[in-house]
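Trainee: So that we are looking at the same thing, I have put the structure below in structure tokens.
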Amino acid sequence: MAGNWKMYKTPDETRDFFEEFRPLVAETEGRDIVICPPFVNLPAATASARGTGIHIGAQNLHWAKEGAFTGEISGPMIRATGATHVIIGHSERRQYFGETDEGVLKKTIAALEAGLTPIVCVGERLEHREAGLMETVLCEQCAQGILGLDPQQFAHLVIAYEPVWAIGTGRTATPEIAAEAHGVIRREVRARYGPDAGARVRILYGGSVTPQNVQALMAEKDIDGVLVGGKSLDPASFGAIVNF
Ligand code: PGA
């Protein structure tokens, strides 16, 4: 159950969130929880989550360990804050910051080398879906962005299916639409890494997840978790999603 805060909240607001959120998940069992705030909030978030089992992740990283890359943040820097996860290739990064499948693969390898669990996002745009190209686009994004890893690296990966038309739009994929896409991704993983890896890989659904629709989404066997944007900003709504 992953929350992506995008470009919201300050360090003080981060601490306030955790004050309220921690008791809501204190008794929660059998759910892995990760919250991904903006970079500057990582120290506040890891301090607030200490001793709780809640994992903290970043929303992006650079593929180099260090170097002359003004404004960028590396995997080892993120790891040093105590964060354990990182979102890579989110559609907003692809759409507004020119990220490509090739860059996603480089960043994924950098994350793994830094000891971070990458949550790699794939997903088609509305025009792809309307043109019947959902499967083609997903296969291409997987082939170029994820399936280039060696099997040991792949074992540490989490995949997020985020149809671009469902993100921040209030338009959720129906459980059936999401499950169909998850099935395509799982099939590609199985073909590349074998049946065990296909069964084991975690595939999250993201795009307008709410406390109201999480249960139906999670009832699909190919949906292993959710990546939540807007509804992860409020402790009560994210708590309700985690404890659905
Ligand atoms: P949303 O965002 O839940 O606000 O649609 C999901 C995401 O972009 O990760």
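The values are calculated or read from the model by the stated rules, or taken from the named source; none is laboratory data. No experiment lies behind these values; they were computed from the predicted model shown. As a convention, Cβ positions derive from the backbone with ideal geometry for all residues, glycine included, and neighbour counts pool all protein chains shown.
Trainee: Please work out which residue is nearest to the chain's Cα centre (by Cα), limiting yourself to segment 162-175 and to residues that are within 11 Å of the ligand (Cβ to nearest atom) and surrounded by 15 or more Cβ atoms within 10 Å (Cβ to Cβ).
Mentor: If we take residues in segment 162-175 being within 11 Å of the ligand (Cβ to nearest atom) and surrounded by 15 or more Cβ atoms within 10 Å (Cβ to Cβ), then 162 is nearest to the chain's Cα centre (by Cα).
Let's see how each residue does on (1) surrounded by fewer than 17 Cβ atoms within 10 Å (Cβ to Cβ); (2) under 18 Å from the mean Cα position of the chain (by Cα):
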| site | (1), (2) |
| --- | --- |
| 183 | yes, yes |
| 189 | no, yes |
| 196 | yes, no |
| 199 | yes, no |
| 206 | no, yes |
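Trainee: Moving to a separate point now. Please enumerate the residues belonging to segment 168-220 that are among the hydroxyl-bearing types (Ser, Thr, Tyr) and in contact (Cβ under 8 Å) with a residue 12 or more places away in the chain.
Mentor: 169, 172, 193, 205, 208, 210
Trainee: Shifting gears a bit: Looking at (1) on the phi < 0 side of the Ramachandran plot; (2) surrounded by fewer than 23 Cβ atoms within 10 Å (Cβ to Cβ), which one does residue 124 not meet, given that it meets all the others?
Mentor: Here residue 124 clears every test but (2).
Trainee: I've got another one for you. Go through 234, 196 for me and flag whichever is on the phi < 0 side of the Ramachandran plot, within 14 Å of the ligand (Cβ to nearest atom) and not polar (S, T, N, Q).
Mentor: Only one candidate qualifies: 234.
Trainee: Spot the failing condition for residue 139; the list is (1) more than 24 Å from residue 34 (Cβ to Cβ); (2) out of contact with any helix residue (DSSP H, G or I) (no Cβ under 7 Å at 6 or more places or on another chain); (3) at pLDDT 95 or above, and only one is missed.
Mentor: Only one criterion is unmet by residue 139, namely (2).
Trainee: Right, residue 178: more than 30 Å from residue 45 (Cα to Cα) and either out of contact with any helix residue (DSSP H, G or I) (no Cβ under 9 Å at 6 or more places or on another chain) or more than 10 Å from the ligand (Cβ to nearest atom) (or both) or not?
Mentor: Answer is yes for this residue.
Trainee: Within the set of pairs 6+ apart or on separate chains, which have a first residue in segment 125-150 that is over 22 Å from residue 168 (Cβ atoms), a second that is of a type outside the set (Asp, Glu) and modelled with pLDDT under 95, and C-beta atoms under 7 Å apart?
Mentor: Short answer, once both residue conditions are applied: none.
Trainee: State yes or no: is residue 155 within 18 Å of the chain's Cα centre (by Cα) and closer than 21 Å to residue 40 by Cα?
Mentor: Against the criterion (within 18 Å of the chain's Cα centre (by Cα) and closer than 21 Å to residue 40 by Cα), residue 155 does not qualify.
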